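Below is one structure; the comments refer to it alone.
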Amino acid sequence: MSHQPFKVAAVQAAPEYLDLDKSVAKAISLIDQAGAEGVRLIAFPETWLPGYPWWIWLGAPAWGMQFVGRYHENSIQVGSNHDNALAEAARRNNIHVVIGVSEKDGGSLYMGQWHYGPDGEIVSRRRKLKPTHVERTVFGESDGSHLIVSDTDIGRVGALCCWEHLQPLTKYAMYSQNEQIHVASWPSFSLYNGVAYALGPELNSSASQMYAAEGQCFVVASCATVSPAMVELLCDSPDKREFLKAGGGHARIYGPDGSPLAEPLAENEEGLLIAEIDLGMIAYAKSAADPVGHYSRPDVLRLMFNSRPNPVVMNFDEGEKLAVREDTQDADAATMEIEHAAE
């Protein structure tokens, strides 16, 4: 099978913070720009709509409550006019769009990555499996059905947010689905700069690079910037201004051997990082090390992956009740088998 090279783009830009209307308009402008450049896939940063909730890292929860109502009001909802406008931009430009969102569902928010296909149809809507540290004061969790790799016209595409790239089992679940193009969505690397190395650009860019090398896939690592206007809004004291700086953009694109594929933008610069990729290069990387194939040892180590949805309410009739009971019995039998083997 022959592979034709094509372009992908990682967004490095600040949203119109806490303004969903203006942020969607800016997103569409970037999608149009990528479309004019002949890009086939564009990737946006984590919770780019309507922006990452930086206040959770800057002060007491009571102080941060001033932003809660505004954040809920400007979080995107499935089927809304904003959702439809993004879908139309993808269709008009014949481009895959993977965009990080704060998704509002009922009374809860989730850290989402929405993938629109070039026909404007939804390919997937995933949510971050486990929000990190104080993110759990804002966002809910998802389940294993959100660790998904989708088969598309440009290849098998998956996505994770931020420190999901530091979770070994999560990564292995993605690699096992023959991921070819991975979107890594990051919020910005300007928080606690010089104080918390783990939150800085060196480690987190390395996480994206290592993901590419471990999974032998292309990684499109989008990364937002913090604008001066965001600093003015969020930092009302000298200590907060030390905690959060303007800039922090470190978008990257890596090949399946971990090699950088595009010259980075300056960390305060907004724009698109664009690279041409060729899926045929994956075969060369896989021939050396495929951790879910010839380079694995399932007799020693293997992953238990529950990919079923786990809704808070299940509505079912008698037929479905029987199917659920049979599934439970199968699961119980498998558990007993594992326990017996362990003995």
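The values are calculated or read from the model by the stated rules, or taken from the named source; none is laboratory data. All values reported here derive from a predicted model rather than from experimental measurement. Note: ideal-geometry Cβ built from the backbone for every residue, glycine included; neighbour counts use all protein chains shown.
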Taking the options Glu263, Glu267, Glu276, Glu214, name whichever one is in a helix (DSSP H, G or I) and among the charged types (D, E, K, R). Glu214
Hey, which of the strands (runs of 3 or more DSSP E) in the stretch 1-106, taking only ones fully inside, have at least 3 residues that are charged (D, E, K, R) and modelled with pLDDT of 95 or more? 96-105
For residues that are part of a loop (DSSP other than H, G, I, E, B) and touching a residue at least 60 places away in the same chain (Cβ under 8 Å), scanning just the stretch 238-260, find the one that is surrounded by the fewest Cβ atoms within 10 Å (Cβ to Cβ). Gly248
Considering only residues that are buried (at least 20 other Cβ atoms within 10 Å of the Cβ) and of a type in the set (S, T, N, Q), look in the stretch 98-121 and name the one that is nearest to Ala173 (Cα to Cα). Gln113
Residue, farthest from Asp239 (Cα to Cα), within the stretch 179-199, restricted to residues that are of a type in the set (A, V, I, L, M, F, W, C) and part of a strand (DSSP E or B): Ile181
Which of the residues spanning the stretch 221-235 are in a helix (DSSP H, G or I) and either of a type in the set (D, E, K, R) or crowded, with 24+ Cβ neighbours inside 10 Å (or both)? Glu232
Just to be sure before I move on: is Tyr284 in a helix (DSSP H, G or I) and surrounded by fewer than 20 Cβ atoms within 10 Å (Cβ to Cβ) in the structure I sent? yes
I need the full set of residues from the stretch 29-38 which are in contact with a Leu (Cβ under 9 Å, 6 or more places away or on another chain), among the aliphatic types (A, V, I, L, M) and surrounded by fewer than 19 Cβ atoms within 10 Å (Cβ to Cβ), in order please. none
Among the numbered criteria (1) within 21 Å of Ser185 (Cα to Cα); (2) assigned to a loop (DSSP other than H, G, I, E, B), which single criterion is violated by Asp290? (1)
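Matching residues to (1) within 16 Å of the chain's Cα centre (by Cα); (2) hydrophobic (A, V, I, L, M, F, W, C):
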{"position": "Ala10", "(1), (2)": "yes, yes"}
{"position": "Asp19", "(1), (2)": "no, no"}
{"position": "Val24", "(1), (2)": "no, yes"}
{"position": "Leu30", "(1), (2)": "no, yes"}
{"position": "Gly38", "(1), (2)": "no, no"}
{"position": "Phe44", "(1), (2)": "yes, yes"}
{"position": "Tyr71", "(1), (2)": "no, no"}
{"position": "Asn84", "(1), (2)": "no, no"}
{"position": "His96", "(1), (2)": "yes, no"}
Kindly evaluate Ile31 against the criterion of being under 30 Å from Ile277 (Cα atoms) and β-branched (Val, Ile, Thr). yes
Determine whether Leu41 is surrounded by 13 or more Cβ atoms within 10 Å (Cβ to Cβ), within 14 Å of Ser222 (Cβ to Cβ) and touching a His at 6+ places or on another chain (Cβ under 7 Å). yes
Among the numbered conditions (1) in contact (Cβ under 8 Å) with a residue 24 or more places away in the chain; (2) out of contact with any His (no Cβ under 9 Å at 6 or more places or on another chain); (3) over 20 Å from Lys7 (Cα atoms); (4) not in a loop (DSSP other than H, G, I, E, B), tell me where Arg125 comes up short. (2)
Kindly list, by first and then second residue, each pair from a residue in the stretch 49-72 that is closer than 17 Å to Ser23 by Cα to a residue that is of a type in the set (D, E, K, R) and at pLDDT 95 or above, limited to pairs with Cβ atoms under 7 Å and residues at least 6 apart or on different chains. Pro50/Asp19; Tyr52/Glu46; His72/Lys104
Take the residues of the stretch 145-178 that are small (Gly, Ala, Ser) and not in a strand (DSSP E or B): which is farthest from the chain's Cα centre (by Cα)? Ser176
Tally time: how many residues in the stretch 122-168 are surrounded by fewer than 18 Cβ atoms within 10 Å (Cβ to Cβ) and of a type in the set (A, V, I, L, M)? 3
